[in-house]
Amino acid sequence: MTLAHVAGLHFDGKKEMAKKRVQKLKAAGFVGERPRRTSSPSVLFLSHHAFALLQEEGQLAEYAPFGISNLDRRAHVADAKLNHEIEVMDVKTAMVLAIRATRRYHIANFSTWPAAYQFKACRPDGGIVDMYPDGLLRVEENRDDGRLSEHAFFLEIDRSTESLNVIADKCHCYVDYYRSGRFAERNGAPADDYRQYPFRVLFICKSQQRMDNVARRLLTNDPPIRHQVYLATFADTIRDPLRAIWTTPADYLAVSNDAFKDTLRLVGTTSRNLCSKNRRQL
């Protein structure tokens, strides 16, 4: 992450306070910094010393075992991978700040370490694949009637490098994960209770055109994927993820006379808030 991410996530946006703390962590050998151009922001990572302390304190018990070589690979990823991970942290920071500013919602958990929530799912051709979402967000809502509800979201930041067919297969895997009951089982419930454990996939695209293309492809899937995926642009998400910026393939279909002849465009009346119709009562 960058210093801006540290400030937003851990110091309520106070950059000077974050800067002083990071300097101390660097001096103590807990945090390292990737080589960078003078004009580029610093990119920070946890050192071997930091992970040794986290393991000693039992903070990594929920993660799969990993060695020093894995840490080195994580700290020295290629620029293309690094840019993607920075975008993931951009989205996480924007969401955390927006949710913290409300009284109705608070974050129960927001992990961007795929090892903590990876899962197996069935592709359309029947093959079993490992899925590594960019993030898993759980938001708790204090409802007007006094009850507490939870909203679960998987995060996917589109790189615009995957084909639409690959994206459709990936979204199919999320539907399979839900309908098979494996997500319910992961939450300690029987597979048959899968309807009590809904989640949405937040699929964030580089551009409006990419959003349109993804929505159209999901509508032509067999079977169509209409409601499991929420779509938004990266710019809108960073600006304010709690506004009514999210739309589903079903929304595109509802505002088009012919979804397969005309280019489907986003219409403001069809967009929705992040936590609409996706809750589990606690």
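A few points about this structure:
- Convex hull projection area averaged over all views, the stretch 1-76, Cα basis, nm²: 5.8
- Residue of Thr247, Thr220, Thr161 that the Gaussian network model of the chain assigns the largest fluctuation, springs spanning Cα pairs under 10 Å: Thr161
- Unsatisfied cross-links (Cα-Cα over 27 Å) in the set Lys26/Lys120; Lys26/Lys206; Lys19/Lys170; Lys20/Lys92; Lys24/Lys206; Lys26/Lys170: Lys26/Lys120; Lys26/Lys206; Lys19/Lys170; Lys24/Lys206; Lys26/Lys170
- This ranking places Asp79, Asp90 by how few other beta-carbon atoms lie within 10 Å of each, fewest first, which gives Asp79, Asp90.
- Selected from Ala215, Ala61, Ala18 as most flexible by GNM, with the chain as the system and alpha-carbon contacts under 10 Å: Ala61
- Reference-scaled alpha-carbon Rg (2.2 N^0.38 Å with N residues) for the stretch 99-169: 1.43
- Three semi-axes describe the equivalent ellipsoid of the stretch 13-158; taken as square roots of 5 times the Cα gyration tensor eigenvalues and ordered largest first, they are 28, 23, 17 Å.
- Cα gyration tensor shape of the stretch 87-281, rounded if a/c is under 1.5, else prolate or oblate by comparing a/b with b/c: rounded
- Protection proxy ranking, highest mean first, for peptides 29-41, 169-181, 121-133: 169-181, 121-133, 29-41, where packing is the per-residue count of other beta-carbon atoms within 10 Å, averaged.
- Shape of the stretch 142-214, Cα gyration tensor, a/c cut at 1.5: oblate
- Residue of Pro65, Pro249, Pro198 that the Gaussian network model of the chain assigns the largest fluctuation, springs spanning Cα pairs under 10 Å: Pro65
Taken together, the values in this text are just the output of simple stated rules run on the coordinates, not laboratory data. Quantities reported herein were computed from a predicted structural model and do not represent experimental measurements. Reconstructed Cβ throughout: ideal geometry from the backbone, glycine too, with neighbour counts over all protein chains shown.
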